1. Would you mind finding the one in Gln37, Gln47 that is modelled with pLDDT of 95 or more and not in a strand (DSSP E or B)?
2. Do you know which residues across region 99-118 are buried (at least 21 other Cβ atoms within 10 Å of the Cβ) and assigned to a loop (DSSP other than H, G, I, E, B)?
3. I'm checking my understanding of the structure. Among residues of region 313-335 that are outside any helix (DSSP H, G or I) and open to solvent by less than 40 Å² (accessible area, probe 1.4 Å), which one is farthest from Gly115 (Cα to Cα)?
4. Determine the pairs where a residue that is farther than 16 Å from Ser78 by Cα, located within region 1-22, has a partner that is of a type in the set (D, E, K, R) and open to solvent by less than 60 Å² (accessible area, probe 1.4 Å) with Cβ atoms under 8 Å apart, the partner being 6 or more residues away or on another chain.
5. Would you say Lys283 is closer than 27 Å to Gly118 by Cα and over 22 Å from the mean Cα position of the chain (by Cα)?
6. Take region 50-87 and flag every residue that is modelled with pLDDT of 85 or more and not in a strand (DSSP E or B).
7. Can you tell me which condition Trp45 does not meet? The list is (1) loosely packed, with under 13 Cβ neighbours inside 10 Å; (2) out of contact with any Ser or Thr (no Cβ under 9 Å at 6 or more places or on another chain), and all the others hold.
8. For region 295-312, what are the residues that are part of a helix (DSSP H, G or I) and in contact with a strand residue (DSSP E or B) (Cβ under 7 Å, 6 or more places away or on another chain)?
Amino acid sequence: SDLLLVAGAPPSIKQHNEVVRLKSPLLTPQQMAKYAQELMTDQQWAQFSQDKAIDFALTRPEFGRFRINVYRQRSSISIAMRHIIEEIPAMSSLGLPEWLEPFALKSQGLILVTGPNGHGKTTTLAAMVDLINTKKSRNIITIEDPIEYLHRHKNSNVNQREVGLDTKTFHEGLRHVFREAPDVIMIGEMRDRESIAIALEAADTGHLVLSSMHANNSVMAINRIVDVFPAESQQQIRVQLADNLLMVLNQRLVERKDGKGRVLAYEKLANSYRVANQIREGKEHQIRSILQSGSEDFSSLDMHLAQLYRSGKITREKAMHYCQDAKAFKELLAR
């Protein structure tokens, strides 16, 4: 998925979440500075020289499209490059469940895609935007850092704004988004209090909002949203979440047993009447224990990992590596 260039080490690639070093000489700090400058425009280089880190996308017709992060470490430059598949994959080809489609086609509410870095959150969001673009006539505004998947206008208009090029920051882009007549707003990542507040306001005022967040499980995502606000505002945020959250999809990409790529494992938390009550009353910590046995509104990551293991798609070792509760997971496998 990634090419990693670091001074003092040979070039490396990431394969199924493992770093694999190529048979090549060690990279020097001079080479790294040269490579970084050649990848950037003069404006990007000036920004990098000031900020010491930069994200951008680069398209080369002969090679394809890449998401690139350049940063400084130990007085030298490092580069991480991720190849982006230009054709937006269909939800079914990604292993996303059929029940996700009705959520993505709703007219109002908040959908969160959560999980660690490098586990396909951006691709899942792109697939949902493409589904809306294909099946609905909507005005879609995205704010991304950087733009990875390029959407063509189908039945909807898709306006993609890149942080640094089309808007200074996520916050700046979101501050003006209501003037752009959006029906659907896709926020690449909810990073701070301001972006979360605007996302909740947008969902509360009749928009469909799609976004991602780094969180290990669906309940943790809810806690993070509430905890980012001061204590005196948290009850209002709980009420907004309870009223407007549609669902949280937590996901992992797990190496296949046959070694041919990765398979999607996911956790579903749909905002049913009882889930909304727990959020409104500040009892988020009870959601998992109440719904752990599995229900229409909740299925845990561990349950899906067990299903993938039983069907022979992943090994027991990989399932154990990604499970949330090792003891409960072993009991789940024994049943």
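1. On the way: Gln47 fails: modelled with pLDDT of 95 or more.
Of the residues listed, the single one that is modelled with pLDDT of 95 or more and not in a strand (DSSP E or B) is Gln37.
2. Result: Gly115, single match.
3. The initial filter retains those residues of region 313-335 that are outside any helix (DSSP H, G or I), namely 313-315, 323-325, 335.
Okay, now just the ones that are also open to solvent by less than 40 Å² (accessible area, probe 1.4 Å), so 314, 323.
Working: Ile314: 19, Cys323: 13 Å.
Taking the candidates together, the pick is Ile314.
4. Going by the 8 Å Cβ cut-off, the qualifying pairs are Ser1/Arg82; His16/Glu255; Asn17/Glu255.
5. Values: closer than 27 Å to Gly118 by Cα: no; over 22 Å from the mean Cα position of the chain (by Cα): yes.
Spelling it out, it is not the case that Lys283 is closer than 27 Å to Gly118 by Cα and over 22 Å from the mean Cα position of the chain (by Cα).
6. Correct list: Gln50, Asp51, Lys52, Pro61, Glu62, Phe63, Arg74, Ser75, Glu87.
7. Result: Trp45 passes all but (1).
8. Filtering region 295-312 for residues part of a helix (DSSP H, G or I) gives 301-310.
Residues satisfying the conditions are Leu301, His304, Leu305, Leu308.
The values are calculated or read from the model by the stated rules, or taken from the named source; none is laboratory data. Computed from a prediction, not measured in an experiment: that's the story for all the values here. All Cβ positions, glycine included, derive from the backbone under ideal geometry; neighbour counts span all protein chains shown. Just so you know, the surface numbers come from the protein's heavy atoms only, side chains and all, with ligands and any DNA or RNA stripped out. Shrake-Rupley method; radii C 1.70, N 1.55, O 1.52, S 1.80 Å.
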